[in-house]
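J.: Structure incoming, see below.
The values are calculated or read from the model by the stated rules, or taken from the named source; none is laboratory data. Only a predicted model underlies this, so the values are computations on that prediction, with no experimental measurement involved. When we count neighbours, we look across all protein chains shown, and the Cβ atoms used for this are built from the backbone with ideal geometry, even at glycine.
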Amino acid sequence: MTALHRAAEGSGVRNDQAPATVEWGTDGLDHPHFRFSVFVAGDAERGHAAGTTLERLCREHLRDGGYEIAIVDVIANPEKAREHQVLATPTVIRHEPGPEIRFLGDLSRVDNAGRLLGIF
C-alpha cells in the first residue's frame, strides 16, 4: 500500500501550504529497494507529471521490492538542488540501487523512462 509522507527536512512552506519536500513510499520497509528524488520547480505541470508517472511506474512494477520517492521543490528548497547539482527541472535521480542514474524530463515516454531508471 502506498502512503503519502510529509518530510520534516526542508519544511519551507509556499503560499498554498504545501511542503518543500513530499515523500511517497511503501509502508513497513526499513530499506526500500529503490530510492528516487524528483526535483520540480513549484507547481509546474511537467514536474507534477514526472512525480505522478514515477509513482505509477513504481506501484505497478516494484510491488515486491519496495520504493521511496521524494519530491523536492527547488524553489522552496534551493539548497537541495545545489547539493544534488540539479540544473534543470524536472530531474529524476535514482539513488538506490547504485550507480546513481539521472533522467531529465517529465517521463512522458514511460517505456523509455522505466527502462533507463531500471524499473523494468
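J.: I'm trying to understand the selection: among the residues of the range 39-64, which are of a type in the set (Gly, Ala, Ser) and touching a strand residue (DSSP E or B) at 6+ places or on another chain (Cβ under 9 Å)? Lay out the reasoning, then the answer.
T.: Keep residues of the range 39-64 that are of a type in the set (Gly, Ala, Ser), which gives 41-42, 44, 47, 49-51.
Of everything in the range 39-64, those that are of a type in the set (Gly, Ala, Ser) and touching a strand residue (DSSP E or B) at 6+ places or on another chain (Cβ under 9 Å) turn out to be 41, 42, 47, 50, 51.
J.: Can I ask one more? Pairs please, first residue from the range 44-56 and free of Cβ contacts under 8 Å to residues at least 40 places away in the same chain, second anywhere and among the hydroxyl-bearing types (Ser, Thr, Tyr) and outside any helix (DSSP H, G or I), Cβ atoms under 9 Å, 6+ apart in sequence or on different chains.
T.: Taking only residues 6 or more apart or on different chains, not a single pair turns up.
J.: Same structure again: Restricting to the range 65-90, give me the number of residues that are of a type outside the set (A, V, I, L, M, F, W, C), in contact with a strand residue (DSSP E or B) (Cβ under 8 Å, 6 or more places away or on another chain) and either at pLDDT 95 or above or surrounded by 20 or more Cβ atoms within 10 Å (Cβ to Cβ) (or both).
T.: First pass over the range 65-90, keeping only residues of a type outside the set (A, V, I, L, M, F, W, C): 65-68, 73, 77-80, 82-85, 89-90.
Now narrow it down to the ones that are in contact with a strand residue (DSSP E or B) (Cβ under 8 Å, 6 or more places away or on another chain): 65-68, 73, 77, 80, 84, 89-90.
From what's left, either at pLDDT 95 or above or surrounded by 20 or more Cβ atoms within 10 Å (Cβ to Cβ) (or both): 67-68, 73, 77, 80, 84, 89-90.
The number of residues fulfilling the criteria is 8.
J.: Hey, among 119, 101, 93, which residue is touching a Cys at 6+ places or on another chain (Cβ under 7 Å) and surrounded by 12 or more Cβ atoms within 10 Å (Cβ to Cβ)?
T.: None of the others qualify; the one that does is 119.
J.: What is the one condition in (1) modelled with pLDDT under 95; (2) closer than 17 Å to residue 40 by Cβ; (3) surrounded by fewer than 17 Cβ atoms within 10 Å (Cβ to Cβ); (4) among the hydrophobic types (A, V, I, L, M, F, W, C) that residue 110 does not satisfy?
T.: Condition not satisfied by residue 110: (2).
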